[in-house]
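Colleague: Sharing a structure, written as structure tokens. Questions coming.
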Amino acid sequence: MLRIHGDFKITYPPPRHDDDDGPVRREVFEGQVVDGKRHGVGEYRYSDGSKYAGEWFKGYRQGYGQLTSKDGTTYCGEWDRNKVHGSGSFKWPDGSSYTGEAFEGTRQGKGCYISGKHDVYVGDFRKNQLEGVGVFAYHDGSRFEGGFRRNQRHGLGTFTDILGVRYLGNYVDNQRHGEFVVRRPVKVDDDDMYK
């Protein structure tokens with residue numbers, strides 16, 4: 001039985017003949033191979049223009065590596081069986097980024113998201129969405145600390161506007177809901193209670 005081991009440059013699929021229709025789409029792997037599979041460290045250039053450089057295990061992206069898409073989106077971090085899994089960082093062409101935990105291909109766990117407009121969220125994520133408890137600092141200077149569900153303020157929380165006025169209470173789908181307390185930065189009388 002033939003066993004292939006060592007450092008190789010492999011082109012997939014083999015080059016086409018001139019009489020074939022359509023563009024030649026080659027994928028190239030340069031790196032370590034064990035038993036004919038990508039295993040160790042290597043770089044794979046895909047036919048769609050994306051590129052992965054990092055660790056491989058039995059043909060899978062596994063361990064630490066960086067994937068750069070044709071549009072400029074990058075992920076640098078941990079992988080498990082071709083999926084983003086563990087700690088890492090995403091960067092998108094619009095300037096937004098995420099640094100934190102991922103689970104089976106999605107942003108999940110604790111993380112920090114910075115939007116292209118420089119809004120910053122630090123907190124819990126679930127299936128690529130703000131979900132759980134966190135702090136969202138908006139680019140205009142306002143901020144929200146509390147619960148989030150499906151990317152919206154939800155549950156107990158405090159919203160502080162750009163003047164420093166704080167609104168404490170429950171939120172449902174980004175809106176204040178029920179009774180809430182308003183605290184002003186300069187105390188004149190007791191805090192106000194509203195319904």
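The values are calculated or read from the model by the stated rules, or taken from the named source; none is laboratory data. For clarity, every value in this text was computed on a predicted model and none was experimentally measured. Don't worry about glycine lacking a Cβ; one is built from the backbone with ideal geometry, like all the others, and counts go over all protein chains shown.
Colleague: Where in the stretch 15-95 are there strands (runs of 3 or more DSSP E), lying wholly inside it, with at least 2 residues that are modelled with pLDDT of 95 or more?
Modeller: 37-45, 51-57, 60-68, 74-80, 83-91
Colleague: Which residue, of TYR121, TYR171, is modelled with pLDDT of 95 or more, buried (at least 19 other Cβ atoms within 10 Å of the Cβ) and over 24 Å from the mean Cα position of the chain (by Cα)?
Modeller: TYR171
Colleague: Follow-up. Can you list residue pairs whose Cβ atoms sit under 7 Å apart, with the first residue in the stretch 158-181 being assigned by TED's automatic domain parsing to the domain that holds GLU131 and the second being aliphatic (A, V, I, L, M) and at pLDDT 95 or above? Count only pairs 6 or more apart in sequence or on different chains.
Modeller: Short answer, once both residue conditions are applied: THR158/LEU168; ASN170/LEU156; PHE180/LEU168; VAL181/LEU168.
Colleague: (1) in contact (Cβ under 8 Å) with a residue 24 or more places away in the chain; (2) touching a Pro at 6+ places or on another chain (Cβ under 7 Å): which one isn't true of ASP71, the others all being true?
Modeller: Every listed condition holds for ASP71 apart from (1).
Colleague: Please go through (1) among the hydroxyl-bearing types (Ser, Thr, Tyr); (2) in the same structural domain as ASP173 (by TED's automatic domain parsing); (3) under 29 Å from TRP56 (Cβ atoms) for TYR121 and return the number of the only condition it doesn't satisfy.
Modeller: Status for TYR121: all satisfied but (3).
Colleague: Sticking with this structure for a sec: Confirm whether SER115 is under 22 Å from the mean Cα position of the chain (by Cα) and hydroxyl-bearing (Ser, Thr, Tyr).
Modeller: yes
Matching residues to (1) closer than 25 Å to ILE114 by Cα; (2) surrounded by 15 or more Cβ atoms within 10 Å (Cβ to Cβ); (3) in contact with a helix residue (DSSP H, G or I) (Cβ under 7 Å, 6 or more places away or on another chain):
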| position | (1), (2), (3) |
| --- | --- |
| SER50 | yes, yes, no |
| LYS58 | no, no, no |
| GLY65 | yes, yes, no |
| ASP71 | yes, no, no |
| VAL84 | yes, yes, no |
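Colleague: Assigned by TED's automatic domain parsing to the domain that holds ALA53 and of a type in the set (Ser, Thr, Tyr): is that true of SER87 in this structure?
Modeller: yes
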